[in-house]
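Following: one structure in structure tokens, then a few remarks.
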Amino acid sequence: MSKNILNQKTFIFVIVYIMIVLCDLIFSSHESYSNLRNFTKPSILGSLITFLFINKKSISVTVFRLMNLALIFSLLGYILLLFTDKSQNFFIAGLASFLLAHIMYIIVFNRERKKQLGNWIFPILTGVYGFGLFSLLHNKLEEMLIPVILYMIVILLMANASFLRSNKGSQISYLLVFVGALLFMLSDSLLAINMFYKSLPLSNIWIMTTYAVAQFLIVYGIVKQKTSLSFV
């Protein structure tokens, strides 16, 4: 018997999660409230870590530990990025933390990898996308050239690892994680463009929204990877 995609406890969590994200978006849009983001930004990851812990029985011990590390590294990266106005070293450290988070995700996704690639279209498309983004940014990167190149390679590998996951356990789980990985790639791309190329209108809204949705979809997709789900 199939289960609804959102049970009651998950529905409550989603409501709380949305409220945290909305508060962060509001605080980021008003300079007078910006200090409150010191609480809301870590709370986004903190709530996901709590959600993962509550659902740890749904996944293997190894996957739980790897996912926990991914979220902890993401949380650390978030905290470090709060202090980028003080020193660029905080940005580099935050970038390294998010890079480690992506590596954890890659390991998780590869645990249930398809035996055969079967389709080269997506890897080619992500390669073209990465090359196009790099072409746009490379003249502006200066001393950040190497760190950004490494980060771009890892996030493209993460997106491809999500594409190569097996969908035998749950097709909806596969779709949730895949869309989450794409949104993560989009969020980081918007952040890079906003930082190194030119300021984007409402950049904080787009970057944070895509990031928050991406992290939730990945976590929820992994938690439900062995469950048969439906949207009704």
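Taking the square root of 5 times each eigenvalue of the Cα gyration tensor, what semi-axes in Å does the equivalent ellipsoid of the chain have, largest first?
Numbers: eigenvalues 158, 107, 45 Å².
Square roots of five times the eigenvalues give 28, 23, 15 Å.
Compute the convex hull volume of the Cα atoms of the stretch 118-175, divide it by the residue count, and report the result per residue in Å³ as a whole number.
81 Å³
Order Lys57, Lys198 by their accessible area, 1.4 angstrom probe, all chains in place, largest first. Walk me through the intermediate numbers first.
On the way: Lys57 195, Lys198 120 Å².
Result, largest first: Lys57, Lys198.
Give, in whole angstrom and from largest to smallest, the semi-axes √(5λ) of the equivalent ellipsoid of the stretch 71-188, with λ running over the eigenvalues of the Cα gyration tensor.
On the way: eigenvalues 153, 63, 20 Å².
One finds semi-axes of 28, 18, 10 Å for the stretch 71-188.
Leaving out ligands, DNA and RNA, and with a 1.4 Å probe, what % of the accessible surface on the chain is carbon or sulfur?
Numbers: 8440 of 12520 Å².
Heavy-atom surface of the chain belonging to carbon and sulfur, 1.4 Å probe: 67 percent.
When the chain is fully extended, how far beyond the present Cα-Cα distance does Glu31 get from Ser135, taking 0.36 nm per residue of separation? Could the numbers behind the result be given before it?
On the way: separation 104, 0.36 × 104 = 37.44 nm, distance 3.30 nm.
Between Glu31 and Ser135, full extension yields an extra 34.1 nm.
What is the dipole size for the stretch 83-232, taken about its Cα centre, with +1 at each Lys and Arg Cβ and -1 at each Asp and Glu Cβ, in debye to the nearest 20? Display every interim value, and only then the final one.
On the way: 11 positive and 5 negative charges, 136 e Å.
Here the size comes out at about 660 debye.
Given Cα pairs under 8 Å that are at least 6 residues apart, what percent is the relative contact order of the stretch 90-220? Let's see the in-between values first.
On the way: 116 pairs, mean separation 36.0, N = 131.
Worked out over the stretch 90-220, it gives 27 percent.
What spacing in nm lies between the two simple spin-label points modelled at Val61 and Arg113, each 7 Å away from Cα in the Cβ direction?
According to this spin-label approximation, the distance is 2.5 nm.
Using the eigenvalues of the Cα gyration tensor, what equivalent ellipsoid semi-axes result for the stretch 30-101 when each is taken as the square root of five times the eigenvalue, whole Å, largest first? Mind dumping the intermediate values first?
Numbers: eigenvalues 142, 52, 5 Å².
Whole-Å semi-axes of the equivalent ellipsoid: 27, 16, 5.
Could you work out how far apart the two model spin labels at Ile124 and Ile72 are, taking each label as a point 7 Å from the Cα in the direction of the beta carbon, and quote it in nm?
The modelled label-to-label distance comes out at 4.2 nm.
So what's the back-of-envelope 222 nm ellipticity for the chain, counting only DSSP H runs of four-plus at -39500 (n - 2.57) apiece and dividing by all residues, rounded to 500? Each step should come with its number before you reach the end.
Numbers: 8 runs with 167 residues, N = 232.
Taking each H run of at least 4 residues, the total per residue is -25000 deg cm²/dmol.
Take each uninterrupted DSSP H stretch in the chain, measure its Cα extent along the helix axis, and return the ones at 18 Å or beyond whose mean Kyte-Doolittle hydropathy is at least 1.0. List each step's numbers first, then the result.
Working: long enough: 8-29 (32 Å, 1.86); 37-54 (25 Å, 0.91); 61-81 (30 Å, 2.00); 88-110 (33 Å, 1.56); 121-141 (30 Å, 1.16); 145-163 (27 Å, 2.35); 171-192 (32 Å, 1.80); 203-223 (30 Å, 1.41).
In the chain, the long hydrophobic H runs are 8-29, 61-81, 88-110, 121-141, 145-163, 171-192, 203-223.
Filter the cross-link list Lys41/Lys114; Lys86/Lys198; Lys86/Lys140 down to pairs whose alpha-carbon distance in this structure exceeds 25 Å. Don't jump to the answer; show the numbers that get you there.
Values: Lys41/Lys114 35 Å; Lys86/Lys198 21 Å; Lys86/Lys140 20 Å.
Those over the limit are Lys41/Lys114.
About the Cα centre, and with charges only on the beta carbon of Lys, Arg (+1) and Asp, Glu (-1), how big is the dipole of the stretch 20-141? Nearest 20 debye, please. Don't skip to the end; give the middle numbers.
On the way: 11 positive and 4 negative charges, 110 e Å.
With Lys and Arg at +1 and Asp and Glu at -1, about 520 debye.
The values are calculated or read from the model by the stated rules, or taken from the named source; none is laboratory data. Computed from a predicted structure; not experimentally measured. Every residue, glycine as well, gets a Cβ built from its backbone with ideal geometry; the counts of neighbours run over all protein chains shown. Note: areas computed on protein heavy atoms with side chains; ligands, DNA, RNA excluded. Shrake-Rupley method; radii C 1.70, N 1.55, O 1.52, S 1.80 Å.
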